[in-house]
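The values are calculated or read from the model by the stated rules, or taken from the named source; none is laboratory data. For clarity, every value in this text was computed on a predicted model and none was experimentally measured. Note that each Cβ is placed from the backbone with ideal geometry, even for glycine, and that neighbours are counted across all protein chains shown. Heads up: the accessible areas ignore ligands, DNA and RNA and are worked out on the full protein's heavy atoms, side chains in. Shrake-Rupley method; radii C 1.70, N 1.55, O 1.52, S 1.80 Å.
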Amino acid sequence: MTPKKLSRALSQLARHRESSSLMIWGPPGVGKSSLVAQVAEEQELELVDVRLSQLAPTDLRGLPVAEQGVSTWYPPEFLPRCGRGILFLDELNMATPAVQGVAQQLVLDRKVGNYTVPEGWMIWAAGNRREDQASVFQMPAPLANRFLHFTVEPSLKDFREYGRKVGLHERLLAFLAFRPELLHRLDAQQPAWPSPRTWELAHRLLQADLPVHAAVGDAAAGEFEAFVQVYASLPNWQKILAGIPGEAFPENPGARFALITSLAHHCQTVEQAVNTAVWLTENAPHEWGQLFFKELMPALRQQQLTAAFSRKFLATPELRGFLKEFKNLMEAA
């Protein structure tokens, strides 16, 4: 499922205080840990994030201490003892079989040693799959059988929506729309490769005026830098948004795509959106206007401007020839 669908499912489970343990599977860099943290924050739940791959069995079971000739297990301080929240066992199947054995008792019995998971706490876990070329161990069948299992895959639509929300660099989002297969391309032979997580790191490098190859690798960075050069040749998008005539539509397909995504990204008002739509109907082939509306509608919906834009659109004579396509796009949005 997509990250957005998984987030909804996790929120529903958290809202209903579902006590069944769950396991989230997915490739590295897709945002599994971030989704759990986001749900915990939205539902006002505490979050205890335990990286099992970094623990020894005694780190989870606790240390044995002799008391009056009897060995007593003293549980670790990081395990929750009261309140409500999510006990998140991250990197579960990267842990050694011995640690997984202790985790199995925690998941199956909600207790280990002298420690018992409080009633208000849910146990969630996450891990990579074998096909993700991660250093994982086989999960014991009795442990796997006690989980609800969810698999998350990268989604360009979800990432771009998230990117617009948090303000990721417009050229980065435009490039990924142009080359969607580079959102996530695992390369076990290279230390840096593109994923949703590393594109966020690339955004930080761009803010610091640094090249992005350290985050996403040389191949993806090379393509991105070539795409950025196309941006330098684009028409003046500020004039287009303001409704000032005179700008010509580019001939190069890459420049056309870059311009459309840039215009949709910069539309902050209904007036700007309508001005751009009019300019496209007068200067660009019809399919590029369709692409503009496809890019524009999620941004308008995010700003709660969809209804106002529809009214202005329908009242603009220059746009009446696009009414049928616009109606279909509105229904799809």
Any GluC sites (Glu not before Pro) in the stretch 29-75 that lie in a DSSP loop and have at most 16 other Cβ atoms within 10 Å would be Glu44
Diffing the stretch 35-43: the Karplus 3J(HN,Hα) column from phi (6.51, -1.76, 1.60, θ = phi - 60°), in whole Hz with x for Gly and Pro, holds 5, 5, 4, 5, 5, 4, 5, 5, 8
Judged on accessible area alone, 1.4 Å probe, highest first, Val136, Val99 line up as Val136, Val99
Quick calc, the chain, dipole around Cα centre from Cβ unit charges on Lys, Arg (+) and Asp, Glu (-), nearest 20 debye, gives 800 debye
Karplus-derived 3J(HN,Hα) from phi for the stretch 285-294 (6.51 cos²θ - 1.76 cosθ + 1.60, θ = phi - 60°), whole Hz, x at Gly and Pro, runs x, 4, 5, 6, x, 4, 4, 4, 5, 4
Computed over the chain, the relative contact order (Cα-Cα under 8 Å, seq sep at least six) in percent reads 15 percent
Across 20 Å bins beginning at 0, the whole-percent shares of Cα-Cα pair distances in the chain come to 26, 44, 24, 5, 0
If each K or R counts +1 and each D or E counts -1, the residues other than Ala126 whose Cβ falls under 9 Å of its Cβ total -1
Counting only residues 5 or more apart in sequence or on a different chain, those whose built amide H sits under 5 Å from that of Arg84 are Glu46
Here, GluC sites (Glu not before Pro) of the stretch 209-269 satisfying both criteria (DSSP loop; at most 15 other Cβ within 10 Å) are Glu251
Straight-line reach check, Lys165, cutoff 14 Å on alpha carbons, 8 or more apart in-chain or any other chain, hits among aspartates and glutamates -> Glu200
Rounded to the nearest 10 Å², the accessible area of His203 using a 1.4 Å probe with every protein chain kept is 20 Å²
The answer for chymotrypsin sites (Phe, Trp or Tyr not before Pro) in the stretch 1-97 that fall in a DSSP coil and have at most 16 neighbouring Cβ atoms within 10 Å is Phe78
Residue-normalised 222 nm signal for the chain, counting each DSSP H run of n ≥ 4 as -39,500 (n - 2.57), nearest 500 deg cm²/dmol, is -15000 deg cm²/dmol
SASA check, Cys82, accessible area w/ 1.4 Å probe, all protein chains in place, rounded to nearest 10 Å², comes out at 90 Å²
